[in-house]
Amino acid sequence: MTENFIEMKNVSFKYNINEDHCAIKNVNIEIKKGEFVAIVGHNGSGKSTIAKHLNAMILPTRGRVFVGGMDTHDEDKTYKIRCTVGVVLQNPDNQIVSIIVEDDVAFGPENLGIKPEEIRKRVDFALKSVGMYEMRKEFVSRLSGGQKQRVAIAGILAMNPDCIIFDESTSMLDPKGKNEVLKALLDLNKNQGMTVVLITHFMEEAVLADKIFIMKNGEIAANGNKRDIFSEFSLLESCNLSLPQPAKLISSLRKEGMDIPQNPLNKDECVDILDKFLSSKLRANEL
Ligand SMILES: Nc1ncnc2c1ncn2[C@@H]1O[C@H](COP(=O)(O)OP(=O)(O)OP(=O)(O)O)[C@@H](O)[C@H]1O
Ligand SMILES: [Mg+2]
């Protein structure tokens, strides 16, 4: 087994074997245990197709996918792979099956045939991890979108996976719900060592990740650490992706002729960069 936890090696996939069109082409992805990775790209660029490969929902037409050293082509391993990698979908309503919060979270482990006392432990742990323990007896129908999505995440956590994939899981939520879910997944990654794959259109979310893959027309157009990727303004534009707001502001100022050298990833960095830039200009009497 290699040190990579997840590997896609030269993976191409066709939904319809009789057509030329590949949903993804020659995709190579390596993810280490405990990493936080974002996959971004325009509509139809192949993000969900990648997600489906990572928990053996679909198998490569060409190439290989390994999860924890297990080849997804190996049918004996399908069940283990699906327990290892959990996927949280876009719409929590498609993932929630029970009326009461804690019953919903228990549903997955019950189906795995886990003993009741172990299920109780897992459900409590999962609900606490996403800040929903106090609401465990609540009707799911009375929850907000963000709360429902956190229950869906708890349902996956209760299956005890090593990796969670969020496929546009915040796109249907209002800003408060989005923040709740992002906070929960950052906590899972930083404090519980969970490997996280965040699939998103939102650059403000992608900057939370350590490593970023940019998809364009089924291929990886670029990958690297977020600071490098978010410095590639023209590349992002050519992939129909917007810059995070702070980077957009600095980019506009540069177009106006201000020679600001650094690229911010967030609001605080942006304020800091502007403060330093303006101070140096004042000192040099250039303002
Ligand atoms: N079930 C399917 N049957 C046939 N073609 C499909 C199917 N699902 C996706 N595709 C095609 O595969 C390509 C990649 O789709 P995919 O859903 O992976 O993209 P995506 O990046 O997740 O898009 P979105 O941002 O809209 O979620 C697209 O051309 C899409 O039309
Ligand atoms: Mg998708």
| With N residues in the range 168-287, what two-decimal value do you get for its Cα radius of gyration over 2.2 N^0.38 Å? | 1.22
| So what J values fall out for the range 82-89 if you push phi through Karplus, 6.51 cos²θ - 1.76 cosθ + 1.60 with θ = phi - 60°, rounded to Hz, Gly and Pro as x? | 5, 6, 7, 10, x, 10, 9, 8
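Starting from the eigenvalues of the Cα gyration tensor, five times each then square-rooted, give me the equivalent ellipsoid semi-axes of the range 65-131, largest first, whole Å. Before the final figure, lay out the partial values.
Details: eigenvalues 122, 47, 26 Å².
Calculated on Cα positions only, the semi-axes equal 25, 15, 11 Å.
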| message | If you fit an axis through the alpha-carbon atoms of helix 267-283 and take the longest principal axis of the Cα set of the chain, what angle between them do you get, 0 to 90°, nearest 10? | response | 10 degrees
| message | Which residue, Cys270, Leu253, Ala284, has the largest displacement toward the positive end of the dipole of the range 244-287 when charges sit on each Cβ (Lys, Arg +1; Asp, Glu -1)? | response | Leu253
| field | the range 61-139 and the range 235-274: distance between their alpha carbon centers, rounded to Å | value | 39 Å
| request: Multiply the residue gap between Ser144 and Asn91 by 0.36 nm, knock off their C-alpha separation, and tell me the result in nm, one decimal place. | output: 17.8 nm
| By a straight-distance test (C-alpha under 30 Å), which lysines pair with Lys255 as possible cross-link partners, with residues fewer than eight away in the same chain excluded? | Lys211, Lys216, Lys226, Lys267, Lys276, Lys281
| said: Please list 3J(HN,Hα) in residue order for the range 228-241, calculated via the Karplus relation 6.51 cos²θ - 1.76 cosθ + 1.60 where θ = phi - 60°; whole Hz, with x for glycine and proline. | reply: 5, 4, 7, 8, 8, 4, 5, 4, 4, 4, 5, 9, 6, 10
| query | Relative to the longest principal axis of the chain, what angle (0 to 90°, nearest 10) does the C-alpha long axis of helix 175-192 take? | reply | 80 degrees
| said: With n ≥ 4 as the cut-off for DSSP H runs, can you work out [θ] at 222 nm for the chain, using -39500 (n - 2.57) per run divided by the number of residues, rounded to the nearest 500? | reply: -11500 deg cm²/dmol
| Estimated distance in nm for a label pair at Glu219 and Lys176, the labels positioned 7 Å out from Cα along Cα-to-Cβ | 4.6 nm
| message | Compute the helix-to-body angle for 245-255: its Cα long axis versus the longest principal axis of the chain, expressed 0 to 90° and rounded to tens. | response | 20 degrees
| query | Percent antiparallel among DSSP beta bridges with both residues in the chain, to the nearest 5? | reply | 50 percent
| Lysine pairs in the range 78-210 8 or more apart or on different chains: how many have alpha carbons under 22 angstrom apart? | 19
| query | Given R₀ = 51 Å, FRET efficiency for Ser234-Arg120 by Cβ-Cβ distance, to 0.05? | reply | 0.40
| query | Remind me, what semi-axes does the range 86-206 give for its equivalent ellipsoid, largest first in whole Å, using sqrt of 5 times each Cα gyration tensor eigenvalue? | reply | 22, 16, 12
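Take the Cα gyration tensor of the range 244-287, multiply each eigenvalue by 5, square-root it, and list the three semi-axes largest first, rounded to whole angstrom.
18, 12, 6
Could you give the length gained by full extension between Leu278 and Ser242, i.e. 0.36 nm per residue of separation minus their alpha carbon distance, to one decimal place? Walk me through the numbers on the way to the answer.
On the way: separation 36, 0.36 × 36 = 12.96 nm, distance 2.60 nm.
Taking 0.36 nm per residue and subtracting the Cα distance, the gain is 10.4 nm.
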| field | Kirkwood Rh in Å, taken over all unlike Cα pairs in the chain | value | 20.4 Å
| task | Let me know the charge dipole size of the chain about its Cα centre in debye, to the nearest 20, where only the beta-carbon of Lys, Arg (+1) and Asp, Glu (-1) is charged. | result | 140 debye
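Only the coordinates and a few stated rules stand behind these numbers; no lab work does. This structure is a prediction, so every number in the text was calculated from the model and none was measured. All Cβ positions, even for glycine, are placed from backbone atoms using ideal geometry, and neighbour counts span all protein chains on display.
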